[in-house]
Amino acid sequence: MKPIPFEAGWRSPSNIAFVKYWGKKGHQLPANPSLSMTLKECVSETFVTFAPADSLKVELFLEGNKEEKFASKIQKYIETLTDFPELKNVHYTIKTKNTFPHGTGIASSASGLSAFALCLTDYLYAMNPGKNFFQDASSFSRLASGSACRSVYGGFTTWGDESDLYASPFEVHAEMAHLKDSVLVISGEEKKVSSTAGHGRMTSHPFAEARYAQAKINFKLMASALKSGDIETMGKILESEALTLHSMFMTSPEAYTLLRPNTIAAIDMIWNFRQETKLPLYFTLDAGPNLHLIYPESAQNKIKTFISHELTPFTERIIEDERGEGPQKC
Ligand code: PMV
């Protein structure tokens, strides 16, 4: 099919994994199932102009500034989509921005790449409509960045359970439907080891198989806790997943850590607070030093007071987020 002139725009959120995807098999397939909550405030807004051309060319503007590095990453990604020749002879102009500030260490790849994949799916559907837009958008997101495939749905999402190729929406108990996520930005510095390099280190990791087996068990426990509204089990697995992910970094043959002293200090405070108050405040970590504090809306008053009084000194800033409804066309 011949390329057509087209414009698309999507706002797509980031997500935080409750059960982590860490380690790949085959072509961008997960070594274990993962489960995440889609966020509301941490969003990328992306507009793409598709212009038929003699060859493939990508220009990308982030917050109005031309970005050669991201443009070349997107170009390489499009070149891998060889099943879609209609993507080839196109000049792409991408204008993208994030609602969350730069240098906060919040991964923009899940939001940014899912927003771009949604625009790509719009374009392909304009020429040849398919049957399952979001499933296809999830597949395209996955090929760009694994965790991005879970951002195309609101609420909770699984990947590697129903399918390895795309994510699926996951229904939870009413108690879990309004979880808050206060993101403690401990450091906004760029991470020393990228996720791509980190996934790669799992291939020679002495504990890789044990980790995949544990993740499969944790996935089942987490799914059942979210369905039954068992906040304590949810929190226990949530923290175990975060600490295991970081233990994998620290025990890989080429060892590294992304934790900072303030990450540990804040974790200690959270554990003490929970023991003293019995309130359901739990943490998780992405591949970075920043803590996502997860708690139900019903307990937010006392927890927010604790966060602002006791934890603020350990942070560069705090981003208040919560479970979101998923991407929107714009
Ligand atoms: O999507 P990637 O390839 O950047 O991998 C990131 C994986 C984690 O964010 C660390 C965990 C997850 O499941 O989101």
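The values are calculated or read from the model by the stated rules, or taken from the named source; none is laboratory data. What you see is a predicted model; the values in this text were computed from it and never measured. Cβ placement follows ideal geometry from the backbone for every residue including glycine, while neighbour counts extend to all protein chains displayed. These accessible areas exclude ligands, DNA and RNA; they are computed on the full protein's heavy atoms, side chains included. Shrake-Rupley method; radii C 1.70, N 1.55, O 1.52, S 1.80 Å.
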**Request:** Provide the FRET efficiency to the nearest 0.05 for the Glu310-Thr93 pair, computing r from the beta carbons and using R0 = 35 Å.
**Result:** 0.15
**Prompt:** Most mobile of Asp83, Asp136, Asp164 per a Gaussian network model of the chain (Cα springs, under 10 Å)?
**Reply:** Asp83
**Item:** Loop-located GluC sites (Glu not before Pro) in segment 19-92 whose Cβ has at most 14 other Cβ within 10 Å (DSSP)
**Value:** Glu63
**Prompt:** What length, rounded to one decimal in nm, is gained on full extension from Asn272 through to Thr196, with 0.36 nm per residue of separation minus their alpha-carbon distance?
**Reply:** 23.9 nm
**Request:** Please state the charge dipole magnitude for segment 94-227, taken about the Cα centre, from unit charges on C-beta atoms (+1 on K and R, -1 on D and E), reported in debye and rounded to the nearest 20.
**Result:** 220 debye
**Sparsely packed GluC sites (Glu not before Pro) within segment 235-316, loop by DSSP, other Cβ within 10 Å at most 16** = Glu254, Glu316
**Prompt:** In the structure displayed, which of Lys216/Lys236; Lys24/Lys216; Lys20/Lys236; Lys66/Lys97; Lys25/Lys216 lie more than 18 Å apart, Cα to Cα?
**Reply:** none
**Asked** Setting aside same-chain residues fewer than 8 positions from Lys95, which aspartates and glutamates have a Cα under 15 Å from its Cα?
**Response** Glu7, Glu45, Glu59, Glu63, Glu67, Glu68
**Fill in**
Mean accessible area per residue over the chain (1.4 angstrom probe, all protein chains present, square angstrom) is 45 Å²
**Request:** Give me the distance in nm between label points sitting 7 Å out from Cα along the Cα-to-Cβ direction at Gln328 and Glu59, one decimal.
**Result:** 2.9 nm
**Request:** Compute the long axis of helix 68-80 from its Cα atoms, compare it with the longest principal axis of the Cα atoms of the chain, and write down the angle in degrees, 0 to 90, nearest 10.
**Result:** 70 degrees
**Prompt:** Using a simple charge model, +1 on the beta-carbon of Lys and Arg, -1 on the beta-carbon of Asp and Glu, nothing else, what dipole does the chain show about its Cα centre, in debye to the nearest 20?
**Reply:** 380 debye
**Prompt:** Within segment 231-299, which chymotrypsin sites (Phe, Trp or Tyr not before Pro) sit in a loop by DSSP and count at most 15 neighbouring Cβ atoms inside 10 Å?
**Reply:** Tyr256
